[in-house]
Amino acid sequence: MTDTKITIRHYNKSDFTALQAEELSSTLARLYAARGVKNPEHTKAGLSSLLRPESLLNCNYAGELIARAVKQGDSITIVADYDTDGATACALIYDFLQSLGTNVNYLVPDRKIHGYGLTPQLVDLATKDEPDWLITVDNGIASVEGVNHAKKLGIKTIITDHHLPADELPDAEVIVNPNQPKCLFPSKHICGVGVIFYVATCIRRSLRELGWFDNKPEPRMESYLDLVALGTIADVVSLDLNNRILVNAGLKQIRKRKCRPGIIALIEVARKIISAITAQDLAFSIAPRLNAAGRMQNMATGIDCLLASNDVKANSLANELNSLNIERKDKENQMRKKASKIVIAAQNLDYIGHTYFHETWHEGLIGILASRIKDEINRPVIVFAPSINPLELKGSGRSIPNFHLRDALDIITKKHPSLIVKFGGHAMAAGLTIKKDYLEVFRQEFDAIAKKLITSNQLHKTIITDGHLEESITLAEAEEILSKVWGQGFEPPLFVDRFKITDQIELKDDHKKLKMMNTINLRTFDGIIFRNPKPIPEQITAVYQIDINSYRGTKSLQLIINNWFPCDLDPKNDKINDS
């Protein structure tokens, strides 16, 4: 369906030279320069370079309010979210407040029953613990009705969030959100766990000023960086300098095993090496196991794992999360098989905005399915599943660059006020609820707005790479590159070269082990490609990541093939575009 082009990131030569002067390898200096790093100091910035809490609007005031609540013995309930960012944020502030001797509880909404955020129903559920305060983490900026309901019940609310606000803000005691009006905090991409980390630093400072720590130890904020790193990577927020500093510091803590037992247990059950854990491991091995709790059951299991105080409990909960993740993958595969036929039929109808629904699909997995389909067809996709309300459908959408999904839904709502019950999100992802009887109307309207706003050029898929891998790269250089922080907005290194396939071995689940020879410099590599049932031709253009394969104590450089295209030895006949 899509015509794929491979392009190569360009970089400023003077930036590259300045970075190389800091004794970075040629490859790493090129990767940094291509991602806009100009100041060599930014490659080694530590916690002392973090943005100050004073620039985060209301952060100090929130710290003062919570500190006073702690000192006077108020009861606090944390209202979490059901993804990894929400789970890590909840675990952080719960553990922090509990270490102070606070009367603190936490509550996670059930996505089927309560929906998202602090709803009036969730407030009613929270009243069983008789809280004086509700503190939201990674949610709440849209919870106008929930905050009003809490206020009527005499419960005070503090909102900590990072999502984009609507025109009306909740009438809370205080809101800490870098994206609210008048907030000048430079890191607009900080996630929910990052926000509550900043708030916790202000609580500690306020308590210090109140003399709380005169005869007791202060919490060590660096002990929470493992949670901040995991939540930041899992939420796929843009990795600006401030986020990279937080993640890098958290990874260092984890590699030294200076992290909570639950994270160690999750790493071990994922069969990763803790001393060499990377941001990509957090994204693709650890976060999915936590997210499986929120998707398949209840995120309380994930939060309990993060809060486990000993190895026995942590291992038990990590194994439970691993089982949920296996169940999630099985159900997701079933959904993908059903979706494949529907996608083919929709492609024949020439849709630009794609809408899919099946009665058997799981509400907790439609976001993953929408993402998979979007990646396959390079079109904006919204997938619906049945809701607990039989008259409604729950939807989750994923978009392509330059098509703002939330804005598109807003346009549809203005044209058909009764079509969408509620929605929220941002440019690349959104969630919504529609009336079941209006599914076909929504399908047509979503396609119409996509056709109006998306140009034909946007439908051509482009893979952006870092060009050719240096012939001289060593195992040590590869390990150094992999140890750095990569992710959204600071994309993981992706290389492109032409190879001759000298051997291929079938593994289970359609994986293949390859022997590959670079046709330019004749260097040979081991390669692996996942979920690829087709045989690989003798000559390919491959887009790949570098990786370290550890087997029986021996490490070797290997290539993970992301995309491949048949080619011949003539570079004019492949898809690489150096312009």
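When you check THR43 against the structure, is it within 30 Å of ILE352 (Cβ to Cβ) and either of a type outside the set (A, V, I, L, M) or assigned by TED's automatic domain parsing to the domain that holds GLY467 (or both), yes or no? Criteria not met by THR43.
Within the range 254-286, the set of residues being of a type in the set (S, T, N, Q) and over 20 Å from the mean Cα position of the chain (by Cα) comprises SER275 only. Restricting attention to the range 369-385 and to residues that are free of Cβ contacts under 8 Å to residues at least 60 places away in the same chain and either among the polar types (S, T, N, Q) or under 17 Å from TYR116 (Cβ atoms) (or both), the residue that is surrounded by the most Cβ atoms within 10 Å (Cβ to Cβ) turns out to be VAL383.
Examine the range 468-485 for a residue that is out of contact with any strand residue (DSSP E or B) (no Cβ under 8 Å at 6 or more places or on another chain), surrounded by 14 or more Cβ atoms within 10 Å (Cβ to Cβ) and farther than 27 Å from LEU246 by Cα, and state whether such a residue exists. So far as the range 468-485 goes, yes, one or more of its residues are out of contact with any strand residue (DSSP E or B) (no Cβ under 8 Å at 6 or more places or on another chain), surrounded by 14 or more Cβ atoms within 10 Å (Cβ to Cβ) and farther than 27 Å from LEU246 by Cα.
Go through the range 439-476 and give me each residue that's in contact with a Pro (Cβ under 6 Å, 6 or more places away or on another chain) and assigned to a helix (DSSP H, G or I).
The answer is ALA450, and nothing else.
So is ILE76 farther than 19 Å from CYS305 by Cα, assigned by TED's automatic domain parsing to the domain that holds LEU134 and assigned to a strand (DSSP E or B) or not? Yes. Filtering the range 220-247 to residues that are over 14 Å from GLU491 (Cα atoms), in contact with a Ser or Thr (Cβ under 9 Å, 6 or more places away or on another chain), surrounded by fewer than 24 Cβ atoms within 10 Å (Cβ to Cβ) and not hydrophobic (A, V, I, L, M, F, W, C) leaves only ASN242. Of the residues making up the range 515-527, those that are aliphatic (A, V, I, L, M) and in contact (Cβ under 8 Å) with a residue 12 or more places away in the chain are MET516, MET517, ILE520.
Against the test of being surrounded by fewer than 19 Cβ atoms within 10 Å (Cβ to Cβ), under 26 Å from the mean Cα position of the chain (by Cα) and either on the phi < 0 side of the Ramachandran plot or modelled with pLDDT under 95 (or both), the options PRO186, PRO178, PRO217 yield a single qualifying residue, PRO186.
Got a sec? Which of ILE273, ILE303 is of a type outside the set (Lys, Arg) and in contact with a Ser or Thr (Cβ under 8 Å, 6 or more places away or on another chain)?
The match here is ILE273.
Pull out all pairs, ordered by first then second residue, where Cβ-Cβ is under 7 Å, the residues are six or more apart or on different chains, the first lies in the range 485-514 and is part of a strand (DSSP E or B), and the second is of a type in the set (Ser, Thr, Tyr). Close Cβ pairs satisfying both conditions: PHE495/THR465; PHE495/TYR544; VAL496/THR465; VAL496/THR541; ARG498/THR519; ARG498/THR541; PHE499/THR519; LYS500/THR519. Within the range 309-321, the residues that satisfy the criterion of being out of contact with any Leu (no Cβ under 6 Å at 6 or more places or on another chain), crowded, with 18+ Cβ neighbours inside 10 Å and not acidic (Asp, Glu) are ALA314, ASN315, LEU317, LEU321. Looking at ASP85, ASP15, just one residue is in contact with a helix residue (DSSP H, G or I) (Cβ under 6 Å, 6 or more places away or on another chain), in the same structural domain as GLU222 (by TED's automatic domain parsing) and either in a helix (DSSP H, G or I) or of a type in the set (Asp, Glu) (or both), and that residue is ASP85. Based on this model, can you work out whether CYS90 counts as more than 18 Å from ARG208 (Cα to Cα) and in contact with a helix residue (DSSP H, G or I) (Cβ under 6 Å, 6 or more places away or on another chain)? Yes, satisfied. Taking the condition surrounded by 13 or more Cβ atoms within 10 Å (Cβ to Cβ) and at pLDDT below 95, does PRO571 pass? Here the answer is yes, as PRO571 does meet what is asked. Residue count for the range 334-368, restricted to those that are crowded, with 16+ Cβ neighbours inside 10 Å, hydroxyl-bearing (Ser, Thr, Tyr) and more than 21 Å from ARG111 (Cβ to Cβ): 1. Take the conditions (1) within 29 Å of the chain's Cα centre (by Cα); (2) charged (D, E, K, R); (3) more than 30 Å from ARG35 (Cα to Cα); GLU491 misses just one of them, which is (3).
When the criteria are applied in full, LEU57 meets the requirement of being within 16 Å of THR160 (Cβ to Cβ), assigned to a loop (DSSP other than H, G, I, E, B) and modelled with pLDDT of 95 or more. ASP503 passes all but one of (1) surrounded by 15 or more Cβ atoms within 10 Å (Cβ to Cβ); (2) more than 25 Å from the chain's Cα centre (by Cα); (3) closer than 30 Å to ASP281 by Cα; which number fails? ASP503 satisfies all of (1) surrounded by 15 or more Cβ atoms within 10 Å (Cβ to Cβ); (2) more than 25 Å from the chain's Cα centre (by Cα); (3) closer than 30 Å to ASP281 by Cα except (1). Condition check for ALA21 on (1) surrounded by 13 or more Cβ atoms within 10 Å (Cβ to Cβ); (2) at pLDDT below 95; (3) of a type in the set (A, V, I, L, M, F, W, C): one failure, at (1).
The values are calculated or read from the model by the stated rules, or taken from the named source; none is laboratory data. Keep in mind that this is a model prediction, so the values were computed, not measured. A quick note on method: Cβ atoms are made from the backbone with ideal geometry, for glycine too, and the neighbour counts reach across all protein chains shown.
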